[in-house]
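Read the structure below first, then the notes.
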Amino acid sequence: MRGAAKAGRSGFRCLILGLAAASLHAGVSLADTWPSKPLRAVVPFSAGSATDIIARAVFDQVSTQIGQPVVIENRVGAGGTIGAAAVAKAEPDGYTILVHSSSHTVSAVTYTNLTYDTAKDLPPIIPLGNLPNVLIAASSKGYKSVKDLVAAAKANPGKMNYASAGPGSAAHLNAERFKLSAKFDAVHVPFKGAPEAMREIVAGRVDFYFCPILPALPLIKESQLSALAVSGSKRASALPDVPTTTEAGYANSEYNFWIGVFATGGTPPAIMRRLHDEVAKALQNPVVKERLARLGAEPMPMTTDQFRAYVKKEIESSAALVKAAGIQVN
């Protein structure tokens with residue numbers, strides 16, 4: 001009996017080892033043939049948004065490198081969670097990826113009914129760059145500085161409003177962090193994305209917006225919008241004369257808006273490494289580097305492990321902000 005039991009255990013171990021070896025072999029084989037068909041890059045924001053434009057700039061080059069088309073698919077809504085959920089449920093074969101912003105770390109703590117686990121189901125691959133938000137208002141409102149806007153808000157409690165690309169989005173969190181620092185109230189007006197929000201800002205129907213610099217730049221240059229401050233921890237190269245909110249006198253108000261690439265949970269490590277390396281190579285392409293610089297994107301060179309640790313820290317930071325601001329999405 002003992003011999004039979006021992007033989008049974010030995011057979012079970014052999015079976016497990018065999019399955020593990022088969023799984024590893026399948027992963028290696030898949031990685032060896034990847035990519036053999038077009039990739040789908042899901043952007044959970046509207047066409048023309050900062051995330052969309054950066055994704056197209058980088059993945060045009062990635063497509064050239066890997067010899068396969070990379071189709072950008074805009075899956076808009078619910079603060080980016082609709083697009084993220086689509087990728088989380090995709091086949092983990094490296095052919096469907098997510099290009100998301102820092103708002104990805106916000107949804108983990110603001111949405112209680114997510115159908116995916118932010119950390120486990122959408123592992124980080126590589127950041128594409130840091131794109132500070134710019135605090136904008138219609139030039140017709142006459143604000144010459146951040147202090148002018150804050151003074152107007154305090155003089156009219158509860159009457160001022162602000163735009164975002166949806167509840168729980170980076171723009172939403174950015175505005176809430178600034179409000180906490182400047183100590184004033186304003187009504188949140190969510191939109192599907194930056195282009196929709198921008199139209200209302202230019203028209204003067206919405207008072208202010210922490211918008212990604214990229215879509216705001218042309219209207220700032222045309223003097224339709226006033227750039228009052230940038231939200232990052234340092235000045236933006238695209239707007240060197242515009243102070244940060246901290247420089248403007250509002251402590252602990254900085255908010256970094258970044259864009260990164262994520263995979264579906266369970267994607268073979270070899271394919272994850274290949275994705276990281278191809279994107280990293282694209283980011284070093286002179287044409288891509290120049291294009292991203294013109295778009296106001298600051299480099300964020302990181303390994304996959306470093307980006308994973310960074311995202312984990314961002315989720316923790318977002319949780320603290322959500323609690324402090326009393327933000328509720330659903």
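FYI, it's all coordinate maths here, none of it is from the lab. On a predicted model such as this, the values are computed, not experimentally measured, just so you know. With ideal geometry, Cβ positions are generated from the backbone for all residues, glycine too; neighbour counts draw on all protein chains shown.
Normalised radius of gyration (Cα atoms, divided by 2.2 N^0.38 Å) for segment 133-230: 0.94. Close amide H pairs (under 5 Å, H built 1.01 Å from N) link residue 298 with 130, 131, residues at least 5 positions away or on another chain. Once you've got the Cα coordinates, tell me which of 183/234; 183/313; 159/183; 89/192; 120/313 are over 20 Å apart. Among 183/234; 183/313; 159/183; 89/192; 120/313, the Cα-Cα distance tops 20 Å for 183/234; 183/313; 89/192. Spacing of the modelled spin labels on residue 156 and residue 280, each 7 Å from Cα toward Cβ, amounts to 5.1 nm. Look at the alpha carbon pairs under 8 Å that are at least 6 residues apart: their mean separation over the length of the chain gives a relative contact order of 26 percent. If you take all other residues with their beta carbon under 13 Å from the beta carbon of residue 229, and give Lys and Arg +1 and Asp and Glu -1, the sum is +1. Summarising the amide proton neighbourhood of residue 235: residues at separation of 5 or more, or on other chains, whose placed amide H is nearer than 5 Å comprise an empty set. How far, in degrees from 0 to 90, does helix 304-325 lean away from the longest principal axis of the Cα atoms of the chain, to the nearest 10? On a 0 to 90 degree scale, this one is about 50. Dividing the mean sequence gap of close Cα pairs (under 8 Å, 6+ apart) by how many residues segment 133-230 holds gives a relative contact order of 47 percent. Under 13 Å from a label point set 7 Å out along the Cα-to-Cβ vector of residue 221, the amide N atoms of segment 282-313 belong to 294-296. What separates the Cα centres of segment 51-113 and segment 218-248 is a distance of 27 Å. A dipole drawn for segment 193-330 from +1 and -1 charges on Cβ atoms has a positive end, and of 209, 224, 261 the residue lying farthest that way is 261. Over the residues of the chain, the helix contribution to mean residue ellipticity at 222 nm works out to -15000 deg cm²/dmol, using -39500 (n - 2.57) for each DSSP H run of at least 4. Taking 140, 49, 181 in turn, the Gaussian network model of the chain (Cα-Cα springs below 10 Å) assigns the largest fluctuation to 140.
Sorted into 5 angstrom bins from 0, the C-alpha pair distances of segment 173-284 split as 2, 10, 17, 17, 16, 13, 9, 9, 6, 2, 0 percent. With respect to the chain, whose longest principal axis is taken over its alpha-carbon atoms, helix 194-203 is tilted by about 0°.
Listed options for semi-axes √(5λ) of the Cα gyration tensor in Å are (i) 26, 23, 21; (ii) 29, 25, 19; (iii) 42, 22, 16. The value calculated from this structure is the one marked (iii).
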